[in-house]
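In what follows, a single structure is set out as structure tokens and then discussed.
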Amino acid sequence: MPIIQINFLYKTLLILILGFFLFSVNKLIYHDNIIIFDNVNTQKLSLNNNNNNNKNKISVELFVMSRCSDAIICEAIFDKVVRQVHNISITTTDYIAVLDDSAKYGAHCKHSNIECIGNIQELCFQHIYPNQSIYFSFLTCLNSDSSRVGTKRWAKKCIQDECGLDYDPIDKCVNSNLGKELFISSVQKAYRRNVTKSCTIFINGKLRCIRDGIWYNCDGGYSVDDFVYDIKDAYYNNYNNYNNHIN
């Protein structure tokens, strides 16, 4: 066969291989690392961290008490989880207490009113600075001396020194009706989910695990890797369901 024909066939083959590769990458879904490329749905399935895409992310909810030792264990684990999956999930904390209109903060907290203040500080942080990675840095700082959780000085130090943020908006929130409303709404959410144990974990709206002295109801395990896997799995399944719906 003439050399010219061989070169032509070789180039044609390379073009075909390249075209197949580009098509495959364009529609790639890689479960373990949640790599997604889809030119048709780029805007709707973007993995960036802006609020416009939050509706596509997996909800991870921790129901806790801010001065509870089990909450501290949960939050330490999810500090590591959030670092790996913050682009595909939203992890929040809500609070367990007993609603009472006559109580100073609208509910009684198991570890006294200072825990109610701690709960409100954390809710105000989430409301004013809705960045979950920074929020979990804040929690980690608070929990490094749990005896000081709920005090203004400790919260201020963690917000300013650890997070590099202004404490004043948090302080205004804590000492306003907004802080109390956020707290009552959060406790009501725990009531609706029938949650009584700190820490109770929901992933994608489903009970995933409970830590109360020991771990239980944790069929998928309770390590960082176990939670990361389930969040990625939920996101992968949501993506597939979305794709099937539009195709």
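Quick note: the coordinates plus some simple rules give every number you see, no bench work behind them. Treat the numbers as computed from the prediction; the structure is a model and nothing was measured. Neighbour counts run over all protein chains shown; Cβ positions are idealised from the backbone, glycine included.
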Sum of side-chain charges, Cys209 neighbourhood, beta-carbon under 14 Å (Lys, Arg +1; Asp, Glu -1): -3
Gyration tensor verdict on region 51-241 (Cα atoms; rounded if a/c is under 1.5, prolate if a/b is larger than b/c, oblate otherwise): prolate
Set of lysines with alpha-carbon distance to Lys189 below 18 Å, sequence-local pairs under 8 removed: Lys110, Lys180, Lys197, Lys206
Per residue convex hull volume, Cα atoms of region 154-247, in Å³: 193 Å³
Mean Cβ neighbour count within 10 Å, used as a protection proxy, ranking 195-204, 123-132 highest first: 195-204, 123-132
